[in-house]
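Encoded as structure tokens, the structure appears first; notes follow it.
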Amino acid sequence: MKTLLLLGVTAFCLCVFVVADTQHNRQEDKSLPEKDGVLQLKKGNFNRALRKYKQLLVHFYAPLSGESYRVSEAFEGAAAELRESEVKLAVVDVKKEKDLAKDLNATGPPIIRLYLAGDKQNPVPCPVPQSSASILTWLKRRVGSAADLIADLSQSEASEELTVVGFFKELDQEYIQVFYSAAIDLPDINFAVTQNNEVISKYGLTHDVVLLFKKSKLIQAYKMMPQTSKEELIVFITVYQMEPVTEYTGKTAAQILNSPVLNHALLFVNKSSADFNEIYSAFKSAAEAFRLKILFVWVNVDEHRNGRMMEYFRVRDFEAPLIRLVNLTDHVTYHLPSDTLDEETIKKFCQSYLEGKAKPKMQSEPIPEGWDKKPVKELVGMTLEKVAFNPDKTVFVLFYLPYSQESRALFPLWEELAKALTEREDVVVARIDASANDINMSMHGPYPSLCLFPALYAERVVVYTGKRKLKDLVKFVDKEMEKAKKDRVKEDEDRRKYIEAIKAEEAKKDNQTKDEL
């Protein structure tokens, strides 16, 4: 009987312990909430997650970011595949958890880190993945070796995607360590290793080379040298992973901005224009000569989703086609000063940029000495708005491109106009180089553009579209001045009423103050 009683008490205690342990686990689960298998971490539970999981892969993300959204989707897919593994995936919203992000120095663009054995100070950086497969590949390659990449190349050579094949005589030399390190940092790309002499002889090459294949075609070969670094190999692979010219879209933006090539040539062009194919062909031909040095990108100005890109570079759709060069380190922009966008012109421009001879495009040229002494005033970015929006002057401005024949043809006419109106002190005739100065006002139509700014307080711009003859220009000026005079009467009346209202309000406040005293 005592034995049965003892067994009963023991069984009861075990049940209590099991229930308590289950409740404890549930409490832990609540303290580490998950969504689709991914931990949702905060400052309060981050250290707890580090202690619980041997390998914690954390995505520090910013909500509403396109790239962060794509990475989050990849995390959800990878979490399902890693459910039974030692790796646990987690995310931290850096907008909500600002203190945590600051403490971990994770406040930049999408950052992914692998924390090992609770070590908070020395995480392993993970490349930004394109898919869940990229995450799985990175985790596998990180703990693997080059021997894992040995493969049958018959399928790799025929792949639609880029395949990087290393041909090495020995698998224990330094070359292959550099190759495998590059494979870890590029998990979105297929890598393979072969020691098959038939493969290398097929392409007439020697040992210790890296071959790039795409659609059964050898794109490029890279000879490994003792001084070859992982970074140099990554630049080579990522550059040739892309086409010679890449269209800027929502899908390619991250690839373009993350490219190790920091010099970017940007062609702004209307895809539906009659000369698009000719210009694109010249741009592409020039691109081949500058691979590894300049990344060539084209932007469709007729695509409304490219508005922010055009706004950043201060490009208007009517200005296209044009080419800008920019370095992503200093963000200094250079403008190709030519109406002709053929292969030779583009090549010369790119070469002059690389040699440091090209002149940067500035927000404003320096104010020239004696700019207002000649009949035609020479405006720059710093003086344009101050002169043009003078409410007591009628200002007629020629916006020109110095390399445009059509622009230069107007110079003599503009001098004639200035001399014809020289006796009118309330009229200013001026010009400005639109290629060397940022024009921060609404413009309509291509350059050269003739714009009149009436003598009004309202910042109005009237674009002249008539015949480019002296008589017609003078007639236009007279007509706009008469119209502006009528508008100015109304403006002055409105301003008078406004000033009287302000004075009446101030007088009322003064009387109230006196009454209170």
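The values are calculated or read from the model by the stated rules, or taken from the named source; none is laboratory data. Here the structure is a predicted model, which is why all the values come from computation and not from measurement. No Cβ is skipped: glycine too gets one built from the backbone with ideal geometry, and neighbour counts run over all protein chains shown. When the accessible area is computed, the model is the full protein with side chains, heavy atoms only, and any ligands, DNA or RNA have been set aside. Shrake-Rupley method; radii C 1.70, N 1.55, O 1.52, S 1.80 Å.
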task = All but one of (1) of a type outside the set (A, V, I, L, M, F, W, C); (2) in contact with a Leu (Cβ under 6 Å, 6 or more places away or on another chain); (3) at pLDDT 95 or above hold for P412, so report the exception by its number.
result = (2)
ask   = In segment 134-151, which residues are aliphatic (A, V, I, L, M), within 17 Å of V165 (Cβ to Cβ) and open to solvent by 70 Å² or more (accessible area, probe 1.4 Å)?
value = I150
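Quick grid of which residues meet (1) hydroxyl-bearing (S, T, Y); (2) surrounded by fewer than 20 Cβ atoms within 10 Å (Cβ to Cβ); (3) in contact with an Asp or Glu (Cβ under 6 Å, 6 or more places away or on another chain); (4) closer than 25 Å to E480 by Cα:
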residue	(1), (2), (3), (4)
L379	no, no, no, yes
M382	no, yes, no, no
F396	no, no, no, yes
Y400	yes, no, no, yes
E415	no, yes, no, yes
A430	no, no, no, yes
L452	no, no, yes, yes
request  = Could you figure out which of (1) at pLDDT below 90; (2) within 26 Å of L57 (Cβ to Cβ); (3) in a strand (DSSP E or B) isn't true of F191?
outcome  = (1)
ask   = Which residue, of A117, A90, A133, A78, is among the small types (G, A, S) and either modelled with pLDDT under 85 or more than 21 Å from L32 (Cβ to Cβ) (or both)?
value = A133
request  = Starting from segment 432-444, take each residue that is over 15 Å from Y403 (Cβ atoms) and in a loop (DSSP other than H, G, I, E, B) and list its partners that are modelled with pLDDT under 65 and open to solvent by 10 Å² or more (accessible area, probe 1.4 Å), counting only C-beta distances under 8 angstrom and pairs at least six apart or across chains.
outcome  = none
request  = From the list T206, T246, pick out the single residue that is of a type in the set (S, T, N, Q) and touching a residue at least 40 places away in the same chain (Cβ under 8 Å).
outcome  = T246
key: Single match in S338, S229, S272 (criterion: out of contact with any Pro (no Cβ under 6 Å at 6 or more places or on another chain), open to solvent by 60 Å² or more (accessible area, probe 1.4 Å), in contact (Cβ under 8 Å) with a residue 12 or more places away in the chain and small (G, A, S))   = S272
task = Please specify each residue of segment 39-81 satisfying the condition of being outside any helix (DSSP H, G or I) and surrounded by fewer than 20 Cβ atoms within 10 Å (Cβ to Cβ).
result = Q40, K42, K43, G44, N45, K54, Q55, A62, P63, L64, S65
request  = Determine whether A484 is under 20 Å from D426 (Cβ atoms), among the small types (G, A, S) and out of contact with any strand residue (DSSP E or B) (no Cβ under 6 Å at 6 or more places or on another chain).
outcome  = yes
inquiry  = Name the residue that is farthest from A282 (Cα to Cα), counting only residues in segment 342-363 that are part of a loop (DSSP other than H, G, I, E, B) and either open to solvent by less than 20 Å² (accessible area, probe 1.4 Å) or in contact with a strand residue (DSSP E or B) (Cβ under 6 Å, 6 or more places away or on another chain) (or both).
reply    = K361
task = State the number of residues belonging to segment 365-377 that are surrounded by 15 or more Cβ atoms within 10 Å (Cβ to Cβ) and modelled with pLDDT under 90.
result = 1
key: Among the candidates E76, E81, residue that is within 13 Å of S132 (Cβ to Cβ), of a type in the set (D, E, K, R) and in contact with a Leu (Cβ under 8 Å, 6 or more places away or on another chain)   = E81
query = Of the residues that make up segment 55-72, is at least one under 24 Å from T249 (Cβ atoms), aliphatic (A, V, I, L, M) and touching a strand residue (DSSP E or B) at 6+ places or on another chain (Cβ under 9 Å)?
reply = yes
ask   = Taking K419 and the conditions (1) under 27 Å from V332 (Cβ atoms); (2) in a helix (DSSP H, G or I); (3) open to solvent by 60 Å² or more (accessible area, probe 1.4 Å), which numbered condition does it fall short on, given that it satisfies the others?
value = (1)
message = I'd like the residue in segment 282-321 that is charged (D, E, K, R), assigned to a helix (DSSP H, G or I) and open to solvent by 80 Å² or more (accessible area, probe 1.4 Å) and, out of all such residues, is farthest from K347 (Cα to Cα).
response = R305
query = Which residue pairs have Cβ atoms under 9 Å apart, sit 6 or more places apart or on different chains, and have a first residue in segment 315-332 that is free of Cβ contacts under 8 Å to residues at least 24 places away in the same chain and a second that is open to solvent by less than 30 Å² (accessible area, probe 1.4 Å)?
reply = none
ask   = Inside segment 460-487, can you point out the residues that are assigned to a helix (DSSP H, G or I), over 16 Å from L410 (Cα atoms) and free of Cβ contacts under 8 Å to residues at least 40 places away in the same chain?
value = K475, F476, D478, K479, E482, K483, K485, K486, D487
ask   = For segment 249-281, how many residues are of a type outside the set (S, T, N, Q), outside any helix (DSSP H, G or I) and under 30 Å from P127 (Cβ atoms)?
value = 9
